[in-house]
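A short write-up of the structure that comes next.
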Amino acid sequence: MSNRDTRAARNYHDATKHSYYSLHTSPHFLDWPNQPLPFKLYRGLPALPLPQSRDVSPVPALDAIVAEESETQVERVPDLEDLARVFYFSAGITKVRTHAGGQILFRAAACTGALYHLELYLACRDLPGLPAGVYHFGPSDFGLRKLRAGDWRSVAVRASGQEPSLASAPAVILLTSTYWRNSWKYGQRAYRHCFWDSGTLMANLLAEAATRQLPAHVVLGFEDAPINALLDLDPDREVTLAMISLGRDATSPPPASGPVDGLDIPTVPLSSAEVDYPEIREMHRASSLGSEEEARRWRGAPPAAESAAPGLLFPLHGLPATDVPPDPLEDVIRRRGSTRRFARSGITLAQLSILLDRATRGIAADFLEPFGSHINDLYLIAHAVEGLPSGAYVYQRGRKALEQLKEGEFRREAGHLDLGQELAAEASVNVYALCSLDPVLERFGNRGYRAAQMEGGILGGKIYLGAYALGLGASGLTFFDDDVTQFFSPHAEGKSVMFLVAVGHPAARRVLYQR
Ligand SMILES: Cc1cc2nc3c(=O)[nH]c(=O)nc-3n(C[C@H](O)[C@H](O)[C@H](O)COP(=O)(O)O)c2cc1C
């Protein structure tokens, strides 16, 4: 099936919707003795330790999550210290929690079920402190393992159809998911999580790159097979989801590289047995690109977002510059953790305003050109926002205003929409990303589904960081798809939900069973 036959994305999306019925009739159970490892561990490869200096930059998190387009044009070559920080603050272990059954090693970015199914790799030329090569980043011992010696960036540039940011990048980060590490718990819905979780990781990565004045650009348009071959992945189990160009040096384009041979480096088995979810493999295959030329044609502008005639508008209120918390990004990332209980108290409209404004200024990505264009719209259920009547809203980006869809107290409804978990009912506000899938699939083919989910995840990740920078808490949440659309309709008629994040004041912790 080709990328253009968009029944695949539609079918996958419809088949993985949560409904009250599907949730209560699912035969899925958690096979604890067969829980997969949250790491890819290569056997017999020595690690090159990464520098551990974690001092904070002077850049406030609320500035770092706004990467201006101009920053992508700065000439800058990353060194080993830059790479160490980018890896640590996006995918490093920031917290260890010990419980009766063992330990959970929490990472810098939120991840569904704390299952950490994503891996980061690097393809670079000679950099200060690091010889050219293809490397795997290992969070467990904070090191790089060399998989290939030499400069292989041209494979990435070619596969992307000469994407300009990649063509001038001294380093390329490649992000993969190993499905089983997430599908163990979430079954076939794990393919959505691939993009949600890479989105939160990339929000951190892009922000940390911004604090280092390192241009960074997300690339989703590439011929899949050569990239998976470069990393020697078994594409039935682990696939490349995105590449991120890092740094810029327009004077030294990558040299041509030779044929890509297999590596056959053994890795530690993830669990005693792995369950295959063919729907995931099918969806990935159906959204794959088959040539450089297809990749070149794929990138560009998303479909124009419609701008309906606005109803009652509540303009965003800026915070005076002096009241914007200056907390550095790295401090915010270290203290971030999904809020397990909200206090039901109010946040201010000024806080919500800065959060929405900073999170939505733009994402440097090959499917969101020109900078600032977007696929998803943000819909909100406000329970407790001082200065804003409780109710349902859609964020009108161009007008920097919240359009009221209905006024009322909707805590009970919000609590139902997130699968009956208390978090969405207790939070001050719930922010949903929704998009019209049809025009997205028409424009980008099945791969538009990857793009829509990933943009939702990056927006969610920026909201996480912005909330913690403001001294608030946040948690990603899952949802009953069609009930959410219905709740926001008629405005949201026909739209699909890509992401949900709840924001509010954290309260004392309670133990949660996560859906
Ligand atoms: C997309 C997404 C969806 C999530 N959904 C839920 C959820 O439905 N319920 C919940 O309690 N936590 C949810 N979480 C929070 C994760 O459980 C949490 O990120 C993970 O345990 C790691 O912990 P940390 O975020 O505190 O580092 C979600 C997180 C993400 C990124």
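Remarks
- For region 71-101, the set of residues classified as out of contact with any Lys or Arg (no Cβ under 8 Å at 6 or more places or on another chain) and within 19 Å of Asn182 (Cα to Cα) consists of Ser90 only.
- Any hit, region 332-341, residues being under 22 Å from Met202 (Cα atoms), touching a residue at least 60 places away in the same chain (Cβ under 8 Å), charged (D, E, K, R) and crowded, with 20+ Cβ neighbours inside 10 Å: yes
Per-residue answers, yes or no, for (1) within 16 Å of the ligand (Cβ to nearest atom); (2) farther than 30 Å from Val74 by Cβ; (3) in a loop (DSSP other than H, G, I, E, B):
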| residue | (1), (2), (3) |
| --- | --- |
| Phe314 | no, yes, no |
| His317 | no, yes, yes |
| Pro325 | no, no, yes |
| Ser353 | no, no, no |
| Pro370 | no, no, yes |
| Ser373 | no, no, yes |
| Leu405 | no, yes, no |
| Ala414 | yes, yes, no |
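- Pick from region 94-121, criterion modelled with pLDDT under 95 and in a loop (DSSP other than H, G, I, E, B), ranking: farthest from the ligand (Cβ to nearest atom): Ala100
- When Val134 is tested against (1) away from the ligand (no atom under 16 Å from the Cβ); (2) part of a helix (DSSP H, G or I), just one condition goes unmet, and that condition is (2).
- Search result, residues across region 324-351 that are of a type in the set (A, V, I, L, M) and in contact with a helix residue (DSSP H, G or I) (Cβ under 7 Å, 6 or more places away or on another chain): Val324, Leu329, Val332, Ile333
- Selection over region 175-202 of residues that are assigned to a strand (DSSP E or B) and touching a helix residue (DSSP H, G or I) at 6+ places or on another chain (Cβ under 9 Å) gives a count of 3.
- Scanning region 24-76 for residues that are of a type in the set (A, V, I, L, M, F, W, C) and part of a helix (DSSP H, G or I) yields Trp32, Ala61, Leu62, Ala64.
- With respect to the conditions (1) more than 17 Å from the chain's Cα centre (by Cα); (2) touching a residue at least 12 places away in the same chain (Cβ under 8 Å), Gly92 falls short on a single one, namely (1).
- Criterion (more than 30 Å from Ala469 (Cβ to Cβ) and in a loop (DSSP other than H, G, I, E, B)) met by exactly one of Ala309, Ala305, Ala295: Ala309
- The set of residues from region 345-403 being charged (D, E, K, R) and more than 22 Å from Ala469 (Cα to Cα) comprises Asp366, Glu369, Asp377, Arg399, Glu403.
- Hey, Tyr21 in a helix (DSSP H, G or I), exposed (fewer than 12 other Cβ atoms within 10 Å of the Cβ) and among the hydroxyl-bearing types (Ser, Thr, Tyr) or not: yes
- Residues located in region 397-411, provided they are of a type outside the set (D, E, K, R) and at pLDDT 95 or above: Ala401, Leu402, Gln404, Leu405, Gly408, Phe410
- Scanning region 421-457 for residues that are without any contact (Cβ under 8 Å) to a residue 60 or more places away in the chain and either surrounded by 18 or more Cβ atoms within 10 Å (Cβ to Cβ) or within 16 Å of the ligand (Cβ to nearest atom) (or both) yields one hit, Ala425.
- Against the conditions (1) in contact with a strand residue (DSSP E or B) (Cβ under 8 Å, 6 or more places away or on another chain); (2) over 25 Å from Ala149 (Cβ atoms), Ala304 satisfies every one except (1).
The rows are residues; the columns are (1) under 25 Å from the mean Cα position of the chain (by Cα); (2) under 22 Å from Ala171 (Cα atoms).
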{"residue": "Ala15", "(1), (2)": "yes, no"}
{"residue": "Arg43", "(1), (2)": "no, no"}
{"residue": "Pro49", "(1), (2)": "no, yes"}
{"residue": "Val59", "(1), (2)": "yes, no"}
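- Here Lys495 clears all of (1) closer than 18 Å to Arg397 by Cα; (2) among the basic types (Lys, Arg); (3) away from the ligand (no atom under 14 Å from the Cβ); (4) within 19 Å of the chain's Cα centre (by Cα) except the condition numbered (4).
- Test: residue in region 482-502 that is among the basic types (Lys, Arg), touching a residue at least 40 places away in the same chain (Cβ under 8 Å) and over 22 Å from Ala207 (Cβ atoms): yes
- Looking across region 458-477, just one residue is in contact with an Asp or Glu (Cβ under 7 Å, 6 or more places away or on another chain) and either closer than 19 Å to Tyr191 by Cβ or more than 16 Å from the ligand (Cβ to nearest atom) (or both), and that is Leu477.
- Breaking point among (1) modelled with pLDDT of 95 or more; (2) in a strand (DSSP E or B); (3) in contact with a Lys or Arg (Cβ under 9 Å, 6 or more places away or on another chain), for Asp151: (2)
The values are calculated or read from the model by the stated rules, or taken from the named source; none is laboratory data. Computed from a prediction, not measured in an experiment: that's the story for all the values here. Virtual Cβ from ideal backbone geometry, glycine too; neighbours counted across all protein chains shown.
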